[in-house]
Amino acid sequence: MRDTDNRTTMSVLVVEDSRTQAELIRHILEKEGYDVALAADGARALQRIADNRPDIVLSDIMMPGMDGYELCRRIKRDFPDIPVILVTNLFDPADVMRGLASGADSFIVKPVDPRHVRSQIEAVQRAAEGSDPDGTPAGLDVSFSGNTYTITARRRTILNTLLSTYTVAVAKNTELQEAQEQLHSLNDRLQEAVDDLSRSNERLAAENQERRRVEKALADANRKLQLMASITRHDLLNQLAALGGYLDLAQMMREREPANAWKQVASAGEIVNRISNTIRFTAEYQKVGSASPAWQDIRSLVEKSERYVSAETVTLVNAVPAGAEVYADPLIEKVFSNLIENAVRYGKTATTVTFSLRRSGDTCTILCEDDGVGVPYDEKEKIFTYAYGMNTGLGLFLAREILAITGIAIRETGEPGRGARFEILCPVGVIRAPERHTG
């Protein structure tokens, strides 16, 4: 148990240039029952000691003018019986050597721990009250870090100082270990947060990809709906108007010009056929994208299209390697049949239609080539449009729409006069072909 009655009569002078630090130490000491006085620098401290001698001095080391080491030396020279405890950050072991050389009795390390302040004051008190069996020691020169320090402190003071610094070192090491454990724990939690974030990002990426797929599907569906609306509203109305016109003319000419009247009826019949073709097209176009894409054997697709070839006029050559597959809308069979029909109908001089497969880097191209009249340069892109197809057939327009479902493109690159060449460009992931059989 502490001797509180004796402590209340003990006075302590705190020398500290920082008012905040001084008031903190005063508060700690007064709670322990000490009588505390303050001095802002070494000169004022010496004057206060001369006017009203304290029982113990606590002095900061880093002060303007006279530092704590010099103040300690002067106190020990003029008032050798007053114990001096230096308050320091203790960043360097040389601080201990300098403190011992200046005559300091112990150290207190910042930030100030109330328990350490109490224990050091009590230890210094006990050392001051006891007698050293060695008497007054002679100066001992100690070399450390390139400097020589003369230590005149008694063994008990040196031991007390070493124990004090060791206690602080152990406490700091414990704090460091606790901080490291907290840091490891924080790192673990941070890693968990990073992993969670990574998983969230993956989910978000998947959701974004799905959202883009849905948006594209909606955009495609909207485009199809707009086209269907255009067909059913604009084209059919125009065709019906033309049909009505031809019939009106035939009605007016039937008695005066029966031959011309029959020509008008024939033209009306052609309009009826166009209306019928338009309605059939809307039925077929509605099917595009309605079923899920699937892997299909390309060679088999060509073979199934042979029924569209007249053996008397055109020969079909199937040079696609066995085992080659394409991932496409189930309606892709219509693409191959439409290409063959196109060659037979518009190739004029065509005698051969050849299907083959060509690999170039990461992409594969399905080729459909004939030896007919070819496609004029100014029509190579037009032939795939709806407006152009209304006059020549909508097969190529449908072919592009069907292939686009899985990102496949089609173009015509033949040389006019030497035959048509349709290239079906398959990106990575939508075609599987044995490399040794691709050209």
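Residue under question is Val109, and the condition is that it be at pLDDT below 70, closer than 24 Å to Leu13 by Cα and in contact with a His (Cβ under 8 Å, 6 or more places away or on another chain); does it hold?
Values: at pLDDT below 70: no; closer than 24 Å to Leu13 by Cα: yes; in contact with a His (Cβ under 8 Å, 6 or more places away or on another chain): yes.
The answer is no for Val109.
Among the numbered criteria (1) in a loop (DSSP other than H, G, I, E, B); (2) within 46 Å of the chain's Cα centre (by Cα), which single criterion is violated by Ala399?
Among (1) in a loop (DSSP other than H, G, I, E, B); (2) within 46 Å of the chain's Cα centre (by Cα), the lone unmet condition for Ala399 is (1).
Given Val335, Val302, which one is within 43 Å of the chain's Cα centre (by Cα), modelled with pLDDT of 80 or more, assigned to a helix (DSSP H, G or I) and crowded, with 18+ Cβ neighbours inside 10 Å?
Values: Val302 fails: within 43 Å of the chain's Cα centre (by Cα).
Only one candidate qualifies: Val335.
Which of the following residues is modelled with pLDDT of 90 or more, more than 26 Å from Asn173 (Cβ to Cβ) and touching a Ser or Thr at 6+ places or on another chain (Cβ under 8 Å): Val57, Val84? I'd like the intermediate steps shown before the answer.
Working: Val57 fails: touching a Ser or Thr at 6+ places or on another chain (Cβ under 8 Å).
On inspection, the qualifying residue turns out to be Val84.
Looking at (1) modelled with pLDDT of 90 or more; (2) within 14 Å of Arg411 (Cα to Cα), can you tell me which one Phe384 breaks?
(1)
What are the residues in the stretch 309-339 that are of a type in the set (A, V, I, L, M, F, W, C), closer than 21 Å to Phe397 by Cα and in contact with a strand residue (DSSP E or B) (Cβ under 6 Å, 6 or more places away or on another chain), if any? Please lay out each step first, then the result.
To start, the set of residues in the stretch 309-339 that are of a type in the set (A, V, I, L, M, F, W, C) comprises 309, 311, 314, 316-317, 319-320, 322, 324, 326, 328, 331-332, 335-336, 339.
Remaining after also requiring closer than 21 Å to Phe397 by Cα: 309, 326, 328, 331-332, 335-336, 339.
Scanning the stretch 309-339 gives Val309, Val326, Leu339.
Within the stretch 23-34, does at least one residue satisfy the condition of being over 30 Å from Asn147 (Cα atoms), crowded, with 20+ Cβ neighbours inside 10 Å and in contact with a Leu (Cβ under 7 Å, 6 or more places away or on another chain)?
Within the stretch 23-34 (the criterion being over 30 Å from Asn147 (Cα atoms), crowded, with 20+ Cβ neighbours inside 10 Å and in contact with a Leu (Cβ under 7 Å, 6 or more places away or on another chain)), the answer is yes, since at least one residue qualifies.
Being touching a strand residue (DSSP E or B) at 6+ places or on another chain (Cβ under 9 Å), more than 18 Å from Ser11 (Cα to Cα) and surrounded by fewer than 16 Cβ atoms within 10 Å (Cβ to Cβ) is the filter here, so list the residues in the stretch 49-82 that pass it.
Met62
Scanning the stretch 99-132 for residues that are over 26 Å from Glu175 (Cα atoms) and part of a helix (DSSP H, G or I), which turns out nearest to the chain's Cα centre (by Cα)?
Here is the first cut: in the stretch 99-132, the residues over 26 Å from Glu175 (Cα atoms) are 100-104, 125-132.
Keeping just the survivors that are part of a helix (DSSP H, G or I) gives 100-102, 125-129.
Numbers: Leu100: 57, Ala101: 59, Ser102: 59, Gln125: 63, Arg126: 64, Ala127: 64, Ala128: 66, Glu129: 69 Å.
Looking at residues that are over 26 Å from Glu175 (Cα atoms) and part of a helix (DSSP H, G or I), I get Leu100.
Restricting attention to the stretch 305-329, which residues are surrounded by fewer than 17 Cβ atoms within 10 Å (Cβ to Cβ) and at pLDDT below 85?
The answer is Glu306, Arg307, Ser310, Ala311, Glu312, Thr313.
Which residue pairs have Cβ atoms closer than 7 Å, lie 6 or more positions apart in sequence or on different chains, and pair a first residue in the stretch 33-54 that is assigned by TED's automatic domain parsing to the domain that holds Val84 and of a type outside the set (A, V, I, L, M) with a second residue that is exposed (fewer than 15 other Cβ atoms within 10 Å of the Cβ) and assigned to a loop (DSSP other than H, G, I, E, B)?
These pairs meet every condition: Gly33/Thr8; Asp41/Pro64; Asp41/Gly65; Gly42/Gly65.
The values are calculated or read from the model by the stated rules, or taken from the named source; none is laboratory data. All of these numbers come straight from a predicted model, not from anything done at the bench. Reconstructed Cβ throughout: ideal geometry from the backbone, glycine too, with neighbour counts over all protein chains shown.
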